[in-house]
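The values are calculated or read from the model by the stated rules, or taken from the named source; none is laboratory data. Just so it is clear, the structure is predicted and the values come from calculations on it, not from any experiment. A quick note on method: Cβ atoms are made from the backbone with ideal geometry, for glycine too, and the neighbour counts reach across all protein chains shown. Heavy atoms of the whole protein, side chains included, go into the accessibility calculation; ligands, DNA and RNA do not. Shrake-Rupley method; radii C 1.70, N 1.55, O 1.52, S 1.80 Å.
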Amino acid sequence: MWMSDVREDLGRDNTRTLVAAASPLSEAMALAAGGALHLFAKRDQSGRRIFPGHERQGDSISALLVLPMSGSTHESQTTQTHLVQHVVAVGHESGWVEIVSMTGDILFRRQLGSGRVLKFRASGDGPLARGGRRTPMEAVYLPSISDLLMVYADGIVAMAGKVLFESLIKNQSLLAQMRAQGLHGECTTQDNQVPVKRLLVKDQMITDMSVYKYANTALDQMIHMSQSSNIIEGNLQSLGQITQLVSVGQNPIMRFNSPYNIHAQDLTELAENVVSTVKSGFVRVATGLFWGKPDANQEDKKPKELEQRLSLNHAMKDAMKQGKMIEVSLNGLYFAVMDNQNRVILVDCLSGIILHVWKGLHHVQIGWTLARPENGLASIDEDEKVACVLVIYLPRRGSLEVWWPESKEKLAEFSVAKNGKLLSCFNGILDPTNRSRHIRERDLVLLGEDGSISEIIIPTRYLSDQKKTRYSSFQQQHLLALLSEVPLSDDTCAKVMEQVKSASSAVTQISMLVDIFKADQIELDFVKRILAEIDIQMKDREEESTILKNCYATLTNLVSLFENINESLASRGENRIPSLTQDDFPGLHLIDITEAPEKLTHTSPLNLDSFVSHWALSVDVFDIETESVEMRLGQRDASSNLLEGFMTVVHLQGERKVLETFQELGLSYQDLLKFVFQNVTNWSHANLLRLTMGIKPLLSIALILSRGEGTKSSVFYTFTRSLLLKEPMNMSVLVLACQWHEFAYNNAAFRDLYVDSDRIKRFVTAYLHLEQNLQAKVLGESSKENPANHTYADAFQAGNGRVVEIICQWFVQHGIGPKDLESEKIRDFLSLAESDFPKSVQSETLLSHLTWEYIHAWAKKRDQLRYLDYGFQCLKALLKLDGVDLNVPNMLWKTFLHKVGRDAVNVTEIRSPTRCLRDVGVGEECLPELLQWLVKVLFLMIQNDQRDVHLSKPDEKPQFYDDISDVPQAHLLDHAHSVVVDSDVIALQFQYVFVANLIWEFDLQFKPMALFSNQESNLFFQSEASTQLGVLISMGQNASLRHIRKKFLDTACHRSVQTIHLLPTEDGQGEWDMSSYKVWMSQLALLAKMWFLQDKLKEYQILALYSNGHDSLGEDLFSCFPDRESLAVKLIHIALLRVTKFVYESEDHNRRLAAVKPDLLVKLSQLQNEAMDITTVTVEDTKSLLITLCGLGLAEGMMQVIYDCLALVQMFMK
């Protein structure tokens, strides 16, 4: 009743109209009505402190928050105490936010919004829902606040907790200094400098909002992708944890918002952002025009605000309903929403699915609390689990209901004061340094109409005392806590046995027994004592549950089997299972036994918990209609030990004894076979040789079990065969195949299938030959790299071409290039492979697949251009083979290269580094090299299309693969003649790609589209083949297109000639390297031929050679040029440029100028600037050029110029 006098001051209004808040750490509270604020802090049990707060005239208070804030640290000799102070956040109808100390001093004041402050919320580092690494015990502690959130009708305003903490501490310090100087006032002058961020919500009128976090697991990502189709998967996967902001209100009633940029923007949002940016720019310009440039100091005083629109994950729409309040559970797993239709909606935080709806709850109030021991949360151990429950308060009835969210069951109901107000204490503390962990003292407070305060505490016993027939999670947690003690004390054993015996139903008792068996490091003696007690209990009761009897029988059989296995493992030294030897595997050298079998180490005895982990024990297993227990694969070492134990027991006690045990357990033959096959393939070679002889008895037991289930022998064989074919082929699988083959041969039911089992054994042996030879001949014995293992189904049931495909994938995986194929080690490997697969490793088959695999590897990693180089080299070698008529180049281009070439041309037309990396897959620095390889492939395809191939037997279909697969499936060379690409289309694609290559390589100032007609561009970008190409070719070229193509060829010829360079030699003379020049000119010749400009190209080539000083090469081409007279005019111009350079660049140019005739001098002076760019040549080469031109019989004027230049050159030579 210590607030009754204040309630009188505030008036006797209904308590629900008051604004109140309470602290989770002490009895600090705040209460407001209208604009009046009252603060309460109970100092001790004998008194209280009441401070009147600030009242803004005409501005009502709409939201309150009592915020704990970490203070100083007090250390004594025995303990260290972290002091906590409180401040109160006050939100007003006008949008102002104030933070007031408990003494009434205003520490922060700022208007953060135009509407009323609806609520204060916080984002903290609390427990992560589902998948987080924090334990449920973390819910006991108050999380540190990372952001303080102010909820408005259009969104929230977020303020960093660390910045707020520093600002409050600073203002407190300044305020204390002012008080010491006798001054009075407020210290809020720097509040506008505190940065805030506005998070806006679109298309919803918000009434409340809350926030929670959860770990971003793979399952969470799948849920988000299924809920929204416009999520960017890469952005979502980059997040370690997800912060979800859930707003409630109207249209929609619930909206799940994301603060991350994981959604693709639609056109509407993009347009709005552009318009907003343009408007703000206009406003800034207009402001500068009318009022001048704003003052720099004034700019600094503006608050630092960022604005972000929250993206929509998903929403729940209901036009007739409006959410009024939302509360998130303290463990972050659930949240509850109250709406205007008197409903409470329970929602799963992770999936956003509605779990339950309570209806007809008028004036309901909700909150969450932790079930706790009666002596408080501080007494809970770290390993003990805590439970979070939902509290529903019905003020008109004075009823308080406690609900368990997992089962949606009412756990308790209490009668409390009517017309009260349920206050949820703030779930957080302002402690950015995380120096201490503060245990929450209270979660919920009930403020009575008479001013009384009641803390709501739900004792744990209300949960454990519920008379339920099911096995509640609290009972399970209590039992597991007892079993966690290692070793178990007598007192703990007694408690466990008492809890099992006092179970209210058979289902609960079975669940407890299963948990006891699954407990870590459980002792066998204790388990036997428990089973003995159950046996006594069943004998005392005449009518006992059938499922409990089934459970007791199954668990007893498991314990008996466990004891037999350990006894057999202990005595196996004298009774060893017969071993396989190296002689059982002729031709294979993969097993190296360096120690005798008797010296090999034995596995340790089984542990009961690891043994039990291999059996799927649950309540459903012991149902009346289900009398079998499923066996499953456990940890690798434990499973291997258990299988070894099975073999040992069979060897010592016989198949019959083990068969009876398995039949009593109801073990199916499928589970037994799966367990055997999956474990044998994981064994080491030593264990494999030593123990594999025990496999056949287990196969016999599985066969008898299958017959007992009414399974046909053919079904058993098919199931066993499918298990064998799904395991990766290694020596273990070979040994297993040998044992299975022998088992099938010795069994009359499978003798007809002997050929099939022999085929499997033979092909597994052949595969291991390949793998072993690759390791020995190619990779080396010391190499740590191993070829990738394949299953039999993958290698020999996936088409005849699968084997050569695997070999080529090995080569690509280990970086074996085309040049390595000629090495001795690769030839040795292929010769050995030829003995098993002769047709699959023949030259044309191997080169075709190797080309394909290299290009495929490049397509997956386009920046690795060496794969493209390797593929091209293999393709060249393939096309050089005699009698090979394969369509592999066309298949490669259509599958991998066509789209890349088209995108590269597009990027060349409109350059963009981002688009180049996104569409082409490489950066602009690698694009010229990529285009060069594409041109080489296209050039090779055109050459291959023009060559004549003479097949010895044209009517006979070539056989490329060995007949090894019993499942027909087409491979690369089976499709060799099915892919048809029009040669005209390939020619068009060559033109575009080669033009783009020249532009990038020589930095030509051309656009690819300018060199082609619109019809050609449409065909290139829209279709791979079209009958319209022939029509386009016959139509020819218009004048403007022909002109620009001539200009392009001229420029490209000059740049190609410039690739000729001099290489140093031993004699010092040097040697001209023309390899690049010849490649470029051969490709330019093909381009000019397609453009019908062959003669022009030769003309441009001659002029380029003379312009760059390669007169000997130019003279050879000029002598064969048909129209030399027309070309002579341009050569005379080149000669004049050379003479001009001789005259003006010489040291005695004045003397030389005096020797020039006046008419010639005029021409030379006009060419002076142009002559500076021409390549310097010798006077002798210029004389030879002039002499060649003299013999052409040109016009008299031209001849006179030639004679004058020749006389001038002869004078220079003296």
So GLY104, is it open to solvent by less than 30 Å² (accessible area, probe 1.4 Å), assigned by the TED database to the domain that holds GLY451 and modelled with pLDDT under 85:
yes
Given ASP820, ASP863, which one is open to solvent by 20 Å² or more (accessible area, probe 1.4 Å), assigned to a helix (DSSP H, G or I) and out of contact with any Pro (no Cβ under 6 Å at 6 or more places or on another chain)?
ASP820
Members of the stretch 222-251 found to be at pLDDT below 90 and buried (at least 21 other Cβ atoms within 10 Å of the Cβ), listed by number:
HIS224, ILE242, GLN244
Which of the following residues is modelled with pLDDT under 80 and either within 27 Å of ILE366 (Cβ to Cβ) or in the same structural domain as LEU422 (by the TED database) (or both): LEU447, LEU483, LEU463?
LEU463
Say whether the condition of being part of a loop (DSSP other than H, G, I, E, B) and touching a Phe, Trp or Tyr at 6+ places or on another chain (Cβ under 8 Å) is met by at least one residue in the stretch 84-93.
no
Quick one: would you say GLU186 is acidic (Asp, Glu), modelled with pLDDT under 75 and in a helix (DSSP H, G or I)?
no
Given the structure, is VAL764 closer than 29 Å to THR851 by Cα, in a helix (DSSP H, G or I) and hydrophobic (A, V, I, L, M, F, W, C)?
yes
Is it the case that some residue within the stretch 734-745 is without any contact (Cβ under 8 Å) to a residue 24 or more places away in the chain and within 24 Å of HIS769 (Cβ to Cβ)?
yes
Pairs please, first residue from the stretch 202-215 and farther than 14 Å from GLY323 by Cβ, second anywhere and outside any strand (DSSP E or B) and open to solvent by less than 10 Å² (accessible area, probe 1.4 Å), Cβ atoms under 6 Å, 6+ apart in sequence or on different chains.
TYR212/GLY332; TYR212/CYS349
Just to be sure I understand, how many residues within the stretch 506-528 are closer than 17 Å to HIS478 by Cβ, part of a loop (DSSP other than H, G, I, E, B) and not hydrophobic (A, V, I, L, M, F, W, C)?
1
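Listed here are the residues, each with its yes/no results for (1) at pLDDT 70 or above; (2) outside any loop (DSSP other than H, G, I, E, B); (3) closer than 20 Å to ASP431 by Cα; (4) open to solvent by less than 40 Å² (accessible area, probe 1.4 Å).
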residue: ARG133; (1), (2), (3), (4): no, no, no, no
residue: LYS162; (1), (2), (3), (4): yes, yes, yes, no
residue: SER167; (1), (2), (3), (4): yes, yes, yes, yes
residue: GLN172; (1), (2), (3), (4): yes, yes, yes, no
residue: ALA176; (1), (2), (3), (4): yes, yes, no, no
Residues of the stretch 897-924 classified as under 15 Å from GLN864 (Cα atoms), of a type outside the set (Val, Ile, Thr) and buried (at least 18 other Cβ atoms within 10 Å of the Cβ), total
2
Here is a check on your reading of the model: is SER505 under 23 Å from GLU409 (Cα atoms) and either out of contact with any Ser or Thr (no Cβ under 6 Å at 6 or more places or on another chain) or modelled with pLDDT under 75 (or both)?
yes
Tell me which residues, restricted to the stretch 1063-1081, are loosely packed, with under 12 Cβ neighbours inside 10 Å and over 15 Å from SER1112 (Cβ atoms).
LEU1063, PRO1064, THR1065, GLU1066, ASP1067, GLY1068, SER1075
Subset of the stretch 660-681 that is outside any helix (DSSP H, G or I) and over 36 Å from the mean Cα position of the chain (by Cα) - its residue that is farthest from MET729 (Cα to Cα):
GLY666
Just to be sure, is LEU1131 more than 18 Å from ALA1052 (Cα to Cα), surrounded by 20 or more Cβ atoms within 10 Å (Cβ to Cβ) and at pLDDT 85 or above?
yes
Considering only residues that are of a type in the set (S, T, N, Q) and open to solvent by 20 Å² or more (accessible area, probe 1.4 Å), look in the stretch 1082-1103 and name the one that is nearest to the chain's Cα centre (by Cα).
SER1082
Against the definition (open to solvent by 60 Å² or more (accessible area, probe 1.4 Å) and either hydroxyl-bearing (Ser, Thr, Tyr) or in a helix (DSSP H, G or I) (or both)), how does SER840 come out, yes or no?
no
Positions within the stretch 1146-1195 being part of a loop (DSSP other than H, G, I, E, B), without any contact (Cβ under 8 Å) to a residue 24 or more places away in the chain and open to solvent by 90 Å² or more (accessible area, probe 1.4 Å), in sequence order
GLU1147, ASP1173
